[in-house]
Every structure is written in structure tokens, then in C-alpha cells.
Amino acid sequence: MELTQITPQFSVSPQVLAVQMAQLSASGVEVLICNRPDGEEADQPSFSEIAEAAKDAGLEAVYLPMQTPQDIPEGHIQKLKALLADNKRVHGYCRTGNRSSHLWQAAVA
């Protein structure tokens, strides 16, 4: 899995797969954030598929889809701020990791 560690508490990656949830959990991740809307590409796994695998691996899965990194809903920013304030170890993903990185930047600004 191609993972970029932004801070010790927050990492991002391109699309994750259900089979990678145990690896994320073993690395200390507690919360998985999906910033990718369902159906963006025909072959992408659905959020429900990822969320089920995440739950089985002991991860909380949160769906905060974003169309572009420039259009971040305020509610998404507040949710990530709350998770970070609770000292949760969070991993965000989208198609490339870019939207997830922008969400983090907005949350810590």
C-alpha cells in the first residue's frame, strides 16, 4: 500500500482495498476516512464494502466524500478536527490522496 505519513497522527493514500484493512489496523490506524464519492470510477470498491472490512479489522470508517480538493464542506473539516482533537490515529483516502491531504490542511489551518 502506498501510504504518505503527513503527521504521526494522520496519513493518506490512494484508494484502499478491503484486504488492506488488517494492515492499516496493525499499523495503529483507528479511523479510516473515505473522501472519494462512490461511483467515481467503475472499478472502485464501494464505501460500504470498505466500511465492512474496516469494521471487521476494528477500524471506525467515516464517509466524507468530496468532489474536488477546493470544495471541502465545513462539516467534513469539523469532523476531522474532532477526530484529531480526540487523539485518534486517522488515515484518509481518495483516488490519489490529494483530497484527503487538502482536508487535513483545512482542519489544521
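Quick note: the coordinates plus some simple rules give every number you see, no bench work behind them. Bear in mind the structure is a predicted one, so any value in this text is a computation, not a measurement. Note: ideal-geometry Cβ built from the backbone for every residue, glycine included; neighbour counts use all protein chains shown.
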ask   = Do we find a residue being among the β-branched types (Val, Ile, Thr), under 14 Å from LEU24 (Cβ atoms) and in contact (Cβ under 8 Å) with a residue 40 or more places away in the chain anywhere in the stretch 83-102?
value = yes
ask   = Being of a type in the set (Gly, Ala, Ser) and either in contact with a Phe, Trp or Tyr (Cβ under 8 Å, 6 or more places away or on another chain) or closer than 19 Å to GLU60 by Cβ (or both), is that true of even one residue in the stretch 32-45?
value = no
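Just to be sure before I move on: is SER11 part of a helix (DSSP H, G or I) and of a type outside the set (A, V, I, L, M, F, W, C) in the structure I sent?
For SER11, the condition - part of a helix (DSSP H, G or I) and of a type outside the set (A, V, I, L, M, F, W, C) - is not met.
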inquiry  = Can you say whether LEU3 is of a type in the set (A, V, I, L, M) and free of Cβ contacts under 8 Å to residues at least 60 places away in the same chain, as far as the supplied structure shows?
reply    = no
query = Restricting attention to the stretch 63-109, and to residues there that are surrounded by fewer than 20 Cβ atoms within 10 Å (Cβ to Cβ) and among the β-branched types (Val, Ile, Thr), which single residue is farthest from ASN35 (Cα to Cα)?
reply = VAL108
inquiry  = Testing GLN67 on (1) in contact with a helix residue (DSSP H, G or I) (Cβ under 9 Å, 6 or more places away or on another chain); (2) not in a loop (DSSP other than H, G, I, E, B), one condition comes back false. Which one is that?
reply    = (2)
ask   = Does ARG36 fit the bill of being part of a loop (DSSP other than H, G, I, E, B), within 11 Å of the chain's Cα centre (by Cα), touching a residue at least 12 places away in the same chain (Cβ under 8 Å) and surrounded by fewer than 18 Cβ atoms within 10 Å (Cβ to Cβ)?
value = no
request  = Report the residue count in the stretch 4-16 for those that are under 12 Å from the mean Cα position of the chain (by Cα) and not hydroxyl-bearing (Ser, Thr, Tyr).
outcome  = 5
